[in-house]
């Protein structure tokens, strides 16, 4: 029964993603332009190199699996600018990573090195975790800090272990991009800048969830990890 429900949830997620993809495509292309084209303006040919294929595809899929966003959402007081901070943190993270690889790496060809394989594995794991988390949340997944009138506390799937599985997935993808390009300064910047942005957003979310669910949510916090199992 659980397998059937999970399969149906994934089909619903996939159907919705494909249906909304044309409307999300302009914002996705704009984000990719900022993240990858601008840092490579002095070496535009690198955008079409094999090492950039994984980062561009992974980041594009992250944006295409986001709910449709609007300027009105970004001005919601309950969100406390968390979406804006995440957008800017992601921009800084990716631009620094790509610029480091483009201008300070001695070799821009793709090689099956430990770093490349490890980074690709992190990106793949991040995508799997993110899709699983979004599928599990269903209609409760949103761009901003927001509680629906019929909101439920999801504690199944990835949420048995981490409270913010979609962020775990996106964080792994960002780190995987840096590792795959051997951009270690970029990895460090991603850890700090994205880590702060996610921590700030999570704190706002957990305040709202605690106000809504009270002791049930506090008990859930005690038996789960915030973002990364056995670490945080």
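The values are calculated or read from the model by the stated rules, or taken from the named source; none is laboratory data. Every value quoted in this text rests on a predicted model; they were computed, and no experiment measured them. We place every Cβ from the backbone using ideal geometry, glycine too, and count neighbours over all the protein chains shown.
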**OP:** Specify which of the listed residues (66, 78) is surrounded by fewer than 15 Cβ atoms within 10 Å (Cβ to Cβ), modelled with pLDDT under 85 and in contact with a helix residue (DSSP H, G or I) (Cβ under 9 Å, 6 or more places away or on another chain).
**Re:** 78
Original post:
Can residue 185 be described as at pLDDT 90 or above and in contact with a helix residue (DSSP H, G or I) (Cβ under 6 Å, 6 or more places away or on another chain)?
Top reply: yes
**OP:** Go over the candidates 146, 140 one by one and state the one that is touching a helix residue (DSSP H, G or I) at 6+ places or on another chain (Cβ under 8 Å) and modelled with pLDDT under 90.
**Re:** 146
**OP:** Please specify each residue of region 30-52 satisfying the condition of being closer than 23 Å to residue 124 by Cβ and surrounded by 13 or more Cβ atoms within 10 Å (Cβ to Cβ).
**Re:** 31, 32, 35, 36, 46, 47, 49, 51, 52
**OP:** Examine region 197-213 for a residue that is in a loop (DSSP other than H, G, I, E, B), out of contact with any strand residue (DSSP E or B) (no Cβ under 7 Å at 6 or more places or on another chain) and either at pLDDT 95 or above or closer than 26 Å to residue 24 by Cβ (or both), and state whether such a residue exists.
**Re:** no
Original post:
What tally of residues in region 189-219 results from selecting those that are crowded, with 16+ Cβ neighbours inside 10 Å and without any contact (Cβ under 8 Å) to a residue 40 or more places away in the chain?
Top reply: 2
